[in-house]
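Before any comments, here is the structure.
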Amino acid sequence: MVTSDTIAAPATPPGRGGVGMIRISGSLVPSIAQTILKKNLKARWANFCNFFSVNGKIIDQGLALYFCAPHSFTGEDVLELHCHGGVVIMDLLLQRVLELGARMARPGEFMARAFLNHKIDLIQAEAVADLIDAASSQAAQNAVRSLQGEFSKQVNKLLTMLIKLRTHLEATIDFPEDEETEKLSSANFGNNINDILCQLKQLKDTAKQGAILRDGISVVIAGKPNAGKSSLFNCLSGQEAAIVTDIPGTTRDVLHTRIQIDGLPINLLDTAGLHDQPDIIEGEGIRRAWEEIKKADHVLLVVDAFASKDRDPDKLWSDFFGVMPKHAHFTVLYNKIDLLNEEAKIIKINDVEYIYLSVKTQKGLDLLKQHLKNSAGFHAIENGFSARRRHLDALDRAEKHLYNAQQILLTGTLELVAEDLVQAQHSLGEITGEFAADDLLKKIFSEFCLGK
């Protein structure tokens, strides 16, 4: 990543607004500031200024904030020009900055420079994106805690414990006859590894909740025509998003909506009714339905309990169970129990859960909502933080290496134990960016807008 040149970009969304802001970072900031503002700026103060064009005319007037290196977000000299948020004004001001030697920043380049200049670690950089994209107040709070370094602190604590253990272990290997290392060799390495594993498991549990809050789950509503799929979709979304009629095949495309259940974000999808003799349009809708079913985290198969008297899962729809993705949770919903005077309940047969409910009367809907939370492994947690799937993957790999080290320790082959500890350290280091491949960094920072 090139960091020697000066970059600039709008830091506010495109379009008409009351205030717009151009952010500039790099070595040319002092000269750009002097040329555009025609005055010396006091660092870290809001300076009211005129913004001048190349011929000395005033483009606009507003606030200029100067942050001198290394006391800035990127660690470089940074200038923020706060002007009126009109499209033309923003374009004229940005063009003037580019004429003076800056170039347009790539997506996330300001954030990347902050990371490369050790102002933030990779977790904190990702937390900024998570805070911007937060879909709930709890997700936003988690992102703030990650941005403040809570997640990083716990990862670094584990790294410190690992490095200390590695130091003792490698000293024992290198100097087996030394008096100091004799003392070290008598230490219970197994107990030390177990202590790290216990804390790692606690961190994984918290991180998992953070990842669920950030990413949510994808829930697909499927079933035969007129089973009540669209009614359920409307009921859960709290709006008349899907057309509901007695005519089979009313829904012919995939409908999407984003909902929350006690803070759990859910991408809810309603699909076309599945049957064997569709027309051309229905056929395309059914094809799309199966595509979504195969990608889902959780599939709700809605069955008309009044029309289908069969309660045997194999007889109910054996073909459907056969194509279900192995990673997905699957639940059968027996709808319209109000017509049968049945009670709402949830039962489990052969690892498949069945919920008896009525969408019309909303009887059993609370059972369904609690079931979705339980299936996702979601529960309220205090002092959580934002996390991503890559973090969970790295924690899993670190855990496996530590377990492996624990097993090898029983044979007394300390060199192999040391190697697994190194791999565990590398896995944890990937989370904060201590060990990170360039392609991973590019992927992460490309998710940001130009001004971040």
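The values are calculated or read from the model by the stated rules, or taken from the named source; none is laboratory data. Computed from a predicted structure; not experimentally measured. A quick note on method: Cβ atoms are made from the backbone with ideal geometry, for glycine too, and the neighbour counts reach across all protein chains shown.
Kindly indicate whether any position in segment 40-54 is under 22 Å from A125 (Cα atoms) and buried (at least 18 other Cβ atoms within 10 Å of the Cβ). Scanning segment 40-54 turns up no residue that is under 22 Å from A125 (Cα atoms) and buried (at least 18 other Cβ atoms within 10 Å of the Cβ). Against the list (1) of a type in the set (A, V, I, L, M); (2) surrounded by fewer than 17 Cβ atoms within 10 Å (Cβ to Cβ); (3) outside any helix (DSSP H, G or I); (4) modelled with pLDDT of 85 or more, the condition V422 fails is (3). Residue check: is K360 of a type in the set (K, R) and outside any helix (DSSP H, G or I)? Considered against the rule, which asks whether it is of a type in the set (K, R) and outside any helix (DSSP H, G or I), K360 comes out as yes. Flag: T251 does not match the condition of being touching a helix residue (DSSP H, G or I) at 6+ places or on another chain (Cβ under 7 Å), at pLDDT 85 or above and of a type in the set (V, I, T).
In segment 217-232, what residues are more than 25 Å from the chain's Cα centre (by Cα) and buried (at least 22 other Cβ atoms within 10 Å of the Cβ)?
Start the filter on segment 217-232 by keeping residues that are more than 25 Å from the chain's Cα centre (by Cα), which leaves 222-232.
Within segment 217-232, A222, G223, A227, G228, K229, S230, L232 meet the criteria.
I need the full set of residues from segment 334-367 which are in contact (Cβ under 8 Å) with a residue 60 or more places away in the chain and buried (at least 18 other Cβ atoms within 10 Å of the Cβ), in order please. Matches in segment 334-367: N335, K336, V359. Among the residues of segment 18-38, those that are within 29 Å of the chain's Cα centre (by Cα) and either within 13 Å of I89 (Cβ to Cβ) or not hydroxyl-bearing (S, T, Y) (or both) comprise G20, M21, I22, R23, I24. Checked across segment 180-189, the condition of being surrounded by fewer than 17 Cβ atoms within 10 Å (Cβ to Cβ) and at pLDDT 80 or above holds for no residue.
Looking for whichever is closer than 20 Å to H71 by Cα and buried (at least 24 other Cβ atoms within 10 Å of the Cβ) here; the options are E126, E109. Which one fits? Give the derivation first.
Details: E126 fails: closer than 20 Å to H71 by Cα.
It is E109.
Would you call A134 modelled with pLDDT under 90 and more than 28 Å from G62 (Cα to Cα)?
yes
Based on this model, can you work out whether A33 counts as of a type outside the set (D, E, K, R), touching a Leu at 6+ places or on another chain (Cβ under 8 Å) and exposed (fewer than 15 other Cβ atoms within 10 Å of the Cβ)? Considered against the rule, which asks whether it is of a type outside the set (D, E, K, R), touching a Leu at 6+ places or on another chain (Cβ under 8 Å) and exposed (fewer than 15 other Cβ atoms within 10 Å of the Cβ), A33 comes out as no. S358 meets all of the listed conditions (1) farther than 30 Å from L169 by Cβ; (2) modelled with pLDDT under 90 but one, namely (2).
Listed by position, the helices (runs of 4 or more DSSP H) inside segment 72-184 whose residues that are outside the structural domain of L409 (by TED's automatic domain parsing) and free of Cβ contacts under 8 Å to residues at least 24 places away in the same chain number at least 1 are 87-99. You will find that of L416, L368, the residue that is closer than 30 Å to K336 by Cα and assigned to a helix (DSSP H, G or I) is L368 and no other.
Could you tell me whether S386 is outside any helix (DSSP H, G or I), under 23 Å from the mean Cα position of the chain (by Cα) and in contact (Cβ under 8 Å) with a residue 12 or more places away in the chain? Criteria met by S386.
Within segment 197-212, take every residue that is in contact with a Phe, Trp or Tyr (Cβ under 8 Å, 6 or more places away or on another chain) and hydrophobic (A, V, I, L, M, F, W, C) and give me the one that is farthest from R145 (Cα to Cα).
L197
Among the criteria (1) modelled with pLDDT of 95 or more; (2) touching a His at 6+ places or on another chain (Cβ under 9 Å), the one V29 does not fulfil is (2).
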